[in-house]
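One structure below.
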Amino acid sequence: MSPPPSTTGERPAPRLRIVVADDDPVVRAGLTALLHQHPDLVVVAGVADGPAAREAVALHRPDVVLLDVRTRFGDGLDALPHLARIAPVLTLTHDGTAGAVREARRRGACGHLVHGEFTAGQLAAAVRDAAAGRPVSGPAASDARTDGARGAAEFTRRPSLSQSNVGHSSTEPGPAALDRSHGVVTALSRREVEVMELIASGLTNQQIAASCFISHKTVKNHINRIFAKLNAGNRGEAIAVWRELPGPAAGREVGP
């Protein structure tokens with residue numbers, strides 16, 4: 001169904017078109033779900049390996065390619081130089097070491113993101129920056145100019161949900177609890193905040209697992225703890241409570 005014509009005569013801004021290349025179908029689905037939370041982004045193809053990525057990019061001519069360079073097929077890095085000649089390429093990997101970042105850059109990547117270290121907002125921002133030819137801002141991998149230290153960031157880290165409790169581990173409590181008429185809502189941990197945001201966005205347990213790069217069982221454990229802390233019996237109740245919480249009480253966008 002076509003959208004209604006604009007009353008102002010202005011056409012809506014075109015969406016950025018993305019090809020996602022990852023050999024894990026669950027990860028592809030998770031990345032797609034994260035990107036589709038943003039109305040200006042659309043995934044036009046999801047593929048499993050380097051040759052399929054080359055075909056998809058030639059066919060769709062996307063604005064950005066998300067490429068997992070460490071697939072079980074071992075061809076992500078081989079495809080990178082060809083892909084980078086057609087569209088900006090953001091590489092994805094579980095390896096954030098200086099060598100991995102340096103090699104991806106050498107082969108033409110405009111940025112490098114580490115699985116499990118970015119939120120939906122950070123991923124979307126990195127895609128927009130890549131499409132615009134700007135320096136990619138996102139969670140840091142290791143600094144490619146140093147041999148080892150992860151503290152020196154190659155990419156500028158933006159404030160995000162997962163950073164809301166700086167100095168706390170993902171299992172430590174977040175900011176102060178919120179008193180409610182039906183009990184006390186205990187502050188959520190950083191990881192629980194991230195999972196709850198994804199629940200509120202409508203993602204399934206499988207999509208949350210892929211987005212956070214954790215197991216399905218771990219997602220269930222997080223959800224059970226979230227429900228207990230929010231005094232909720234199901235997703236609908238948890239979302240209703242979550243949306244009523246003030247930012248600091250839920251660990252949202254809290255400064256350092």
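The values are calculated or read from the model by the stated rules, or taken from the named source; none is laboratory data. Everything quoted here is computed from the prediction, not taken from an experiment. Cβ coordinates were reconstructed from backbone atoms using ideal geometry, including for glycine residues, and neighbour counts include every protein chain displayed. Ligands, DNA and RNA are stripped out before the accessible areas are found, and what is left, the full protein with its side chains, is counted by its heavy atoms. Shrake-Rupley method; radii C 1.70, N 1.55, O 1.52, S 1.80 Å.
Does residue 98 satisfy the criteria of being modelled with pLDDT under 80, open to solvent by less than 10 Å² (accessible area, probe 1.4 Å), of a type in the set (Gly, Ala, Ser) and farther than 20 Å from residue 211 by Cα?
When the stated conditions are applied, residue 98 passes them.
For the stretch 200-214, name all the residues that are outside any loop (DSSP other than H, G, I, E, B) and open to solvent by less than 60 Å² (accessible area, probe 1.4 Å). Spell out how you get there, then give the answer.
Taking the stretch 200-214 as the starting set, the residues that turn out to be outside any loop (DSSP other than H, G, I, E, B) are 200, 205-212.
Result: 200, 205, 207, 208, 209, 210, 211, 212.
Please indicate, with yes or no, whether at least one residue in the stretch 78-91 is of a type outside the set (A, V, I, L, M), in a loop (DSSP other than H, G, I, E, B) and at positive phi.
No, the conditions are met nowhere in the stretch 78-91.
Show the residue pairs meeting these rules: Cβ distance below 9 Å; 6+ apart or different chains; first residue within the stretch 74-98 and closer than 14 Å to residue 49 by Cα; second residue at pLDDT 85 or above and polar (S, T, N, Q).
Every condition considered, the pairs that remain are 76/91; 77/91; 80/91.
From the list 70, 107, exactly one residue is surrounded by fewer than 20 Cβ atoms within 10 Å (Cβ to Cβ) and at pLDDT below 90. Which is it?
Every option except 70 fails the conditions.
Suppose we filter 29, 13, 33 for residues that are in a loop (DSSP other than H, G, I, E, B) and aliphatic (A, V, I, L, M); which single one remains?
13
How many residues does the stretch 215-232 contain that are of a type in the set (A, V, I, L, M) and either open to solvent by 60 Å² or more (accessible area, probe 1.4 Å) or within 12 Å of residue 27 (Cβ to Cβ) (or both)?
Total satisfying the criteria: 1.
Of all residues in the stretch 110-145, count the ones that are acidic (Asp, Glu) and modelled with pLDDT of 85 or more. Spell out how you get there, then give the answer.
First pass over the stretch 110-145, keeping only residues acidic (Asp, Glu): 117, 129, 143.
Still in the running and modelled with pLDDT of 85 or more: 129.
Final tally of qualifying residues: 1.
With (1) in contact (Cβ under 8 Å) with a residue 60 or more places away in the chain; (2) closer than 19 Å to residue 130 by Cα; (3) open to solvent by less than 40 Å² (accessible area, probe 1.4 Å) as the list, and residue 40 as the residue in question, which single condition is left unmet?
Unmet condition: (3).
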